[in-house]
1. Does residue 323 meet the test of being without any contact (Cβ under 8 Å) to a residue 60 or more places away in the chain and under 25 Å from the mean Cα position of the chain (by Cα)?
2. Considering only region 132-178, state which residues are surrounded by fewer than 19 Cβ atoms within 10 Å (Cβ to Cβ), assigned to a strand (DSSP E or B) and touching an Asp or Glu at 6+ places or on another chain (Cβ under 8 Å).
3. Take the residues in region 293-304 that are touching a residue at least 60 places away in the same chain (Cβ under 8 Å) and not β-branched (Val, Ile, Thr); name whichever of them is farthest from residue 388 (Cα to Cα).
4. Applying the selection to region 62-79, what residues are in a helix (DSSP H, G or I) and either under 11 Å from residue 104 (Cβ atoms) or open to solvent by 50 Å² or more (accessible area, probe 1.4 Å) (or both)?
5. Kindly state which strands (runs of 3 or more DSSP E) lie completely within region 179-279 and contain at least 2 residues that are under 18 Å from residue 164 (Cα atoms).
6. So, in region 307-355, of the ones that are touching a Phe, Trp or Tyr at 6+ places or on another chain (Cβ under 6 Å) and open to solvent by 10 Å² or more (accessible area, probe 1.4 Å), which residue ends up farthest from residue 389 (Cα to Cα)?
7. Take the residues in region 476-486 that are open to solvent by 50 Å² or more (accessible area, probe 1.4 Å) and in contact with a strand residue (DSSP E or B) (Cβ under 7 Å, 6 or more places away or on another chain), then tell me which one is modelled with the highest pLDDT.
8. Please go through (1) among the charged types (D, E, K, R); (2) surrounded by 24 or more Cβ atoms within 10 Å (Cβ to Cβ); (3) more than 11 Å from the chain's Cα centre (by Cα); (4) over 18 Å from residue 127 (Cβ atoms) for residue 203 and return the number of the only condition it doesn't satisfy.
Amino acid sequence: MASLMLKASPLVHFLRSLCVVVLLAASVVSGRHHSSSPPASRNGQSMYLAPNCRAHTASLADFGGVGDGTTSNTAAFRSAVDQLSQYSGDGGAMLYVPAGKWLTGPFNLTSHFTLFLHSDAVILGSQNMSEWPVIAPLPSYGRGRDKIGGRYASLIGGSNLTDVVITGNNGTIDGQGAMWWSKFHQNKLKYTRGYLVELMWSEGIFISNVTLLNSPAWNIHPVYSRNIVVQGVTILAPTRSPNTDGINPDSCSHVRIEDCYVVSGDDCVAIKSGWDEYGIKFNMPSQHIVVRRLTCVSPTSAMIALGSEMSGGVSDVRAEDITAVNTESAVRIKTAVGRGNYVKDVFVRGMHLDGMKYVFWMTGNYKSHPDDGFDPNAIPVVDNISYQDVVATGVYKSAARLEGIDGAPFRGICLANVTAQLDKSKKYPWTCTDVEGVSSADVTPPPCEALQQGKHDGACPFPTDTLPIDKVTVQQCAYDVPPAGAGN
């Protein structure tokens, strides 16, 4: 399995360059330019962008950190965060991770805190499983995602935080996941794999300008949190690595994901809200979520998935100017009897797709359940789903595979200005069961009859209001690179 792991150089640098090209092109097409990198220095100080600057800065080396790639820095990271937490009420603190390879087990962040990675800094996930604590399952899941019972802590975690930033000059967080993938495939793990970043019950999360590699499982997992921005992030994992989802907001509100590049073995973005009876009882939806200028490569999964764990509900999802290459499907809805609740008010416009298995895919019979305790009368509602301005080339299976639920059809599907280029030998470009909707005359190939119940010449709806998360701005922050042993 080790041969599957992506190395930080030179492949990562190539993909970073490719990401920049794609994002600049997207900015030109959309007529908007979003700068995510400040000047490198000003008046002898280094610069970065963040919603809030910090009054105090210290280096990991101040706390005994050794960046040789073999010495464990778990104690150094934990000590650094613990000591810097004293400044949370005094302008906050930044922990600077210098150039080097910093091997560590899981550690937690604190409030009013920035974790900053130098461009040549690599945080490496420890291969010593004894350094990974086992923690309780999420209450909205009732068990670990992989296994019944607990789960390993995530590499970078935290709970009940306010104003936390993870950023840098495109430094790297490498989970060294091959060991975990191998054990998962061989069924040798007692607990669910940890993630690279998981922040729980938190307010004001900002993650930008870092590269995430080889996560044991999901990469970025905010859960039970609000006011979250993930921008300018590169996520890379082998496309056959198990469950290496990119960005998974889970029972979260007011989320902005933009200008990110993801290559993964699972969904590039997955919006979730709990699993079956546990998610229904917990009852915390994911809502008010914006995804812009996302570029995705995932041959076996979706660019954006809604579900399958959506039992707290998912609503008001807005995706635009998004690109997928060699990806199984674009925006996929995954649900099933037993999930309950809803996926509604999903608005998508401006998809550029190439080499897709399906353009549109909705699944009402996703069979993964945590246990046999799910309610067979918990029927999910799927309603008000809009897609417009879609260009798909190289579609090799079908334009759509739409499978609702018998007796509870997926309703309110709207299609406008859609072109899907399929192999001409495909006899049935659309497969539709238990769905209802409308389409404009400029949908090619023509959709199934169930989506022609009310043809229209106009566009599908897309909200015109501005969400509060779009009003979150960044400022230029300055810091002096701290010499070892001289925290301030």
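1. It is false that residue 323 is without any contact (Cβ under 8 Å) to a residue 60 or more places away in the chain and under 25 Å from the mean Cα position of the chain (by Cα).
2. 162 - this is the single residue of region 132-178 that is surrounded by fewer than 19 Cβ atoms within 10 Å (Cβ to Cβ), assigned to a strand (DSSP E or B) and touching an Asp or Glu at 6+ places or on another chain (Cβ under 8 Å).
3. Out of the qualifying residues, it is 299.
4. Once the filter is applied, which keeps residues that are in a helix (DSSP H, G or I) and either under 11 Å from residue 104 (Cβ atoms) or open to solvent by 50 Å² or more (accessible area, probe 1.4 Å) (or both), region 62-79 yields 74, 75, 76, 77, 78.
5. Ranges flagged: 197-200, 203-208, 210-213, 220-223, 226-231, 253-263.
6. 334
7. Applying the filter and picking the extreme gives 476.
8. (2)
The values are calculated or read from the model by the stated rules, or taken from the named source; none is laboratory data. Predicted, not measured: the structure shown is a model, and the values here were computed from it. Here Cβ is always computed from backbone atoms with ideal geometry, including for glycine, and neighbour counts include all displayed protein chains. Side chains included, ligands, DNA and RNA excluded: accessible areas come from the protein's heavy atoms. Shrake-Rupley method; radii C 1.70, N 1.55, O 1.52, S 1.80 Å.
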